[in-house]
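**Student:** Quick one: the structure is below, and I'll ask about it shortly.
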Amino acid sequence: MTNPSLLILPGDGIGPEVMAEVRKVIDWFGANGGPVFDVSEDLVGGCAYDAHGTPLHDDTMARAQEVDAVLLGAVGGPKYDSLDFSLKPERGLLRLRKEMDLYANLRPAQCFDALADFSSLKTEVVSGLDIMIVRELTSGVYFGEPRGIIEEGNERVGVNTQRYTESEIDRVARSAFELAMRRGKRLCSMEKANVMESGVLWREVVTQVGKDYPEVELSHMYADAGAMQLTRWPKQFDVIVTDNLFGDLLSDLAAMLTGSLGMLPSASLGAPMANGRPKALYEPVHGSAPDIAGQGKANPIACILSFAMALRYSFDRGEDAARVERAVETVLADGLRTADLLGEEGKAPVSTSEMGDAIVAALAKG
Ligand code: IPM
Ligand code: MG
């Protein structure tokens with residue numbers, strides 16, 4: 001049997017630094033009787049633009065379609081701000097999502113006990129928090145046509161189109177219900193059915209799909225009220241399903257409830273491939289943080305936990321995933337903190353690689 005394949009795309013900014021720590025975890029499993037991966041590495045984002053004049057080379061795109069899973073660091077940086085829209089680093093990521101048809105983006109927001117005090121909300125509001133946002137990732141206003149900046153009379157008009165087909169809503173709703181079945185069996189769908197037709201259709205289709213999942217308690221919320229409820233009492237939620245743009249906003253909000261954006265992983269899943277595995281890309285929720293890149297200040301935990309999600313959702317290695325998650329909890333409980341997790345505490349932070357080494361050491365202990 002051939003080894004499962006992983007394509008690693010470290011990207012820009014802190015991407016390469018945090019990915020170097022993931023490589024340590026992958027190597028540890030390989031050397032200690034865990035899964036062995038065929039790992040290849042390539043460019044995406046600004047670094048791909050620098051090398052090839054495009055944020056994602058066609059060969060890289062083709063490779064991403066072939067592998068069992070893609071692991072991505074982060075893309076973007078101020079250096080690329082003035083590039084044409086079609087050449088921006090973000091377009092590389094969006095092309096991967098679109099062409100791999102990764103329609104279900106799973107973004108867990110989990111509060112680690114050791115960090116509950118670090119949230120900007122009261123500890124009792126966030127301690128033990130464990131919610132999952134399922135964001136539709138391949139449609140909606142991110143991709144809808146027409147789009148552009150057009151001339152109208154004597155001024156310019158910026159145009160984007162929110163658009164959802166029934167089948168696009170149906171498939172992401174099914175992913176969310178399936179997840180809810182494996183968790184707390186509660187699903188809240190968020191849209192703006194009060195002002196948007198796409199929201200009316202969204203609510204209708206999600207309700208229809210819900211009939212196939214009678215055990216899941218389904219509720220609906222307008223996305224603005226959802227944002228308010230997420231900050232008021234987030235523990236009322238189990239799984240949330242929402243569209244691409246609302247999901248972008250609500251997942252940042254949910255992430256920060258837990259104390260640090262630097263902690264949270266994500267999985268972007270598509271339809272099953274011939275081998276039964278879903279097409280999949282895993283990436284931290286945080287961005288490329290160019291202000292701290294190359295200084296050893298970045299927190300590698302979100303990227304390491306993204307690899308744990310790959311173990312769970314692509315490789316059926318739930319036990320190994322849990323082992324990585326436990327190792328992360330252990331080092332946090334031991335008091336290790338990268339700079340983003342320190343606030344006013346006045347302690348000395350550990351570096352990116354010290355954090356990675358500590359997680360590998362905790363892995364070794366079980
Ligand atoms: C995210 C990011 C991306 C998005 C950017 C980098 C294109 O904010 O993954 O949440 O808007 O989807
Ligand atoms: Mg975002």
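The values are calculated or read from the model by the stated rules, or taken from the named source; none is laboratory data. As the structure is a computational prediction, the values presented were derived from the model and not from experiment. Heads up, the Cβs are rebuilt from the backbone with ideal geometry, glycines too, and the neighbour counts pull from every protein chain shown. Surface areas here come from the heavy atoms of the whole protein model, side chains and all, with no ligands, DNA or RNA. Shrake-Rupley method; radii C 1.70, N 1.55, O 1.52, S 1.80 Å.
**Student:** Under the rule of at least 5 residues apart or a separate chain, name every residue whose amide H is placed under 5 Å from the amide H of G73.
**Tutor:** L9, G11
**Student:** As a test of the formula, what do you get for the chain when each DSSP H run with n ≥ 4 contributes -39,500 (n - 2.57) and the sum is divided by the residue count, at 222 nm and rounded to the nearest 500 deg cm²/dmol?
**Tutor:** Here the helix-only value at 222 nm equals -12500 deg cm²/dmol.
**Student:** With the Cα gyration tensor of segment 151-258 giving a ≥ b ≥ c as the square roots of its eigenvalues, does the rule (a/c under 1.5 for rounded; else a/b larger than b/c for prolate; else oblate) give rounded, prolate or oblate?
**Tutor:** On the way: a/c = 2.52, a/b = 1.49, b/c = 1.69.
Since a/c reaches 1.5 but b/c is at least a/b, the shape of segment 151-258 is classed as oblate.
**Student:** From Cα pairs below 8 angstrom and at least 6 apart in sequence, can you work out the relative contact order of segment 66-208, rounded to a whole percent?
**Tutor:** On the way: 143 pairs, mean separation 21.4, N = 143.
Answer for segment 66-208 is 15 percent.
**Student:** I'd like the antiparallel share, as a percent to the nearest 5, of DSSP beta bridges with both residues in the chain.
**Tutor:** Values: 21 of 46 bridges.
Here the share of antiparallel DSSP bridges comes out near 45 percent.
**Student:** Just check segment 1-129 against the gyration tensor rule for me: Cα atoms, a ≥ b ≥ c as the square roots of the eigenvalues, rounded for a/c under 1.5, and otherwise prolate or oblate depending on whether a/b exceeds b/c. Before the final figure, lay out each step's value.
**Tutor:** On the way: a/c = 2.00, a/b = 1.22, b/c = 1.63.
The shape class here is oblate.
**Student:** Pop out the ³J(HN,Hα) list for segment 135-145 in order, Karplus 6.51 cos²θ - 1.76 cosθ + 1.60 with θ = phi - 60°, rounded to Hz; leave Gly and Pro as x.
**Tutor:** Per residue, the Karplus-derived 3J(HN,Hα) values read 9, 5, 10, 10, 9, x, 5, 5, 10, x, 10 Hz.
**Student:** Let me ask another. Among 314-323, 238-247, what's the highest-first ranking by average C-beta atoms within 10 angstrom per residue? Mind dumping the intermediate values first?
**Tutor:** Numbers: 314-323: 16.6, 238-247: 24.8.
The peptides rank, most packed first, as 238-247, 314-323.
**Student:** Right, another one. Using each residue's phi in segment 191-202, evaluate 6.51 cos²θ - 1.76 cosθ + 1.60 at θ = phi - 60° and report the 3J(HN,Hα) Karplus result to the nearest Hz, with x for Gly and Pro.
**Tutor:** 7, 10, 5, 6, 10, 10, 4, 4, x, 4, 5, 3
**Student:** Moving on. Taking the Cβ-Cβ separation of K347 and K235 as r and a Förster radius of 35 Å, what is the calculated FRET efficiency to the nearest 0.05? Before the final figure, lay out each step's value.
**Tutor:** Details: r = 29 Å, r/R0 = 0.83.
Taking R0 as 35 Å, the efficiency between K347 and K235 is 0.75.
**Student:** While we're on this one: Check which residues have an amide H placed less than 5 Å from V241's amide H, if you skip close sequence neighbours.
**Tutor:** Those qualifying (amide H under 5 Å, at least 5 residues apart or on another chain) are V134, C188, S189, M190.
**Student:** Let me ask something else. Quick one: accessible area per residue over the chain, 1.4 Å probe, rounded to a whole number of Å²?
**Tutor:** 43
**Student:** Right, something else. Find the lysine pairs in the chain meeting two conditions, Cα atoms under 28 Å apart and a separation of 8 or more places or different chains, and report how many there are.
**Tutor:** Summing the qualifying lysine pairs gives 26.
**Student:** Continuing with the same structure: Rounded, prolate or oblate: pick one for the chain, where a ≥ b ≥ c are the square roots of the eigenvalues of its C-alpha gyration tensor, a/c under 1.5 means rounded, and failing that, prolate if a/b is larger than b/c, else oblate. Before the final figure, lay out each step's value.
**Tutor:** On the way: a/c = 1.37, a/b = 1.18, b/c = 1.16.
It is rounded, given that a/c, with a ≥ b ≥ c, falls under 1.5.
**Student:** Still on this structure, I have one more. Kindly write out, for segment 152-158 in residue order, the coupling ³J(HN,Hα) from the Karplus curve 6.51 cos²θ - 1.76 cosθ + 1.60 (θ = phi - 60°), rounded to whole Hz, with x marking Gly and Pro.
**Tutor:** Working through the residues one at a time gives 9, x, 10, 9, 9, 10, x Hz.
**Student:** Out of the total accessible area of segment 109-230 (probe 1.4 Å, heavy atoms of protein only), what percent is carbon and sulfur?
**Tutor:** Values: 3020 of 6300 Å².
The value for segment 109-230 is 48 percent carbon and sulfur by accessible area.
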